[in-house]
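The values are calculated or read from the model by the stated rules, or taken from the named source; none is laboratory data. This structure is a prediction, so every number in the text was calculated from the model and none was measured. Because the Cβ atoms are built from the backbone with ideal geometry, glycine has one as well, and the counts that use them run over all protein chains shown. Just the protein is used for accessible areas: all its heavy atoms, side chains included, with ligands, DNA and RNA removed. Shrake-Rupley method; radii C 1.70, N 1.55, O 1.52, S 1.80 Å.
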Amino acid sequence: MKILLTGATGYIGKRLLIQLLTDGHHVICSVRDRKRFDTSLYCNFHHKISVIENDYRNAETMSELDEDIDVAFYLIHSMSADEDFSKAEKMSAQNFSRKLEETNCKQLIYLTGIV
């Protein structure tokens with residue numbers, strides 16, 4: 001399967017990524033800052049992993065998603081101190097949802113920040 005994983009630099013995302021790759025899936029890691037994502041940790045799986053940079057809080061900066069995504073994991077939270085948490089969470093989820101609608105994704109697993 002081709003899986004979109006947001007939040008790949010987070011606690012859960014890092015652990016989930018290893019399991020998904022081990023299970024043989026192709027994983028597209030959607031990260032806010034590519035510099036924070038060390039792909040060398042996954043060198044045994046270089047052919048099964050790709051990285052895209054997206055800040056789902058800002059729709060204008062988002063890159064296109066592959067159409068043939070089977071499953072998406074939404075592990076994003078907006079717990080930055082300089083923003084209104086509820087507003088940032090809503091914007092991020094809405095932008096992600098709009099982008100995901102452009103794909104053939106069949107399943108979404110949603111886990112986000114504390115409300």
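Odds and ends about this structure:
- Between helix 11-22 and the chain there is an angle of about 30 degrees, using the helix long axis and the longest principal axis of the Cα atoms.
- Which of MET1, ALA59, GLY13, positive extreme of dipole for segment 1-111 (C-beta unit charges): GLY13
- Most mobile of ASP33, ASP68, ASP84 in a GNM of the chain (Cα contacts under 10 Å): ASP84
- Share of carbon and sulfur in the accessible heavy-atom surface of the chain [1.4 Å probe, %]: 52 percent
- Annotation: per residue accessible area for the chain equals 61 Å², rounded to a whole number [probe 1.4 Å, protein chains only].
- Taken about its Cα centre, the chain carries a charge dipole of about 340 debye when Lys and Arg each add +1 at the Cβ and Asp and Glu each add -1 at the Cβ.
- For the chain, projected area of the alpha-carbon convex hull averaged over all directions, nm²: 7.0 nm²
- Principal-axis analysis of the Cα atoms of the chain puts helix 85-100 at an angle of about 50° to the longest axis.
- Both radii were evaluated on the Cα set of segment 3-57; the Rg over Rh quotient, with Rh as the Kirkwood radius, amounts to 0.92.
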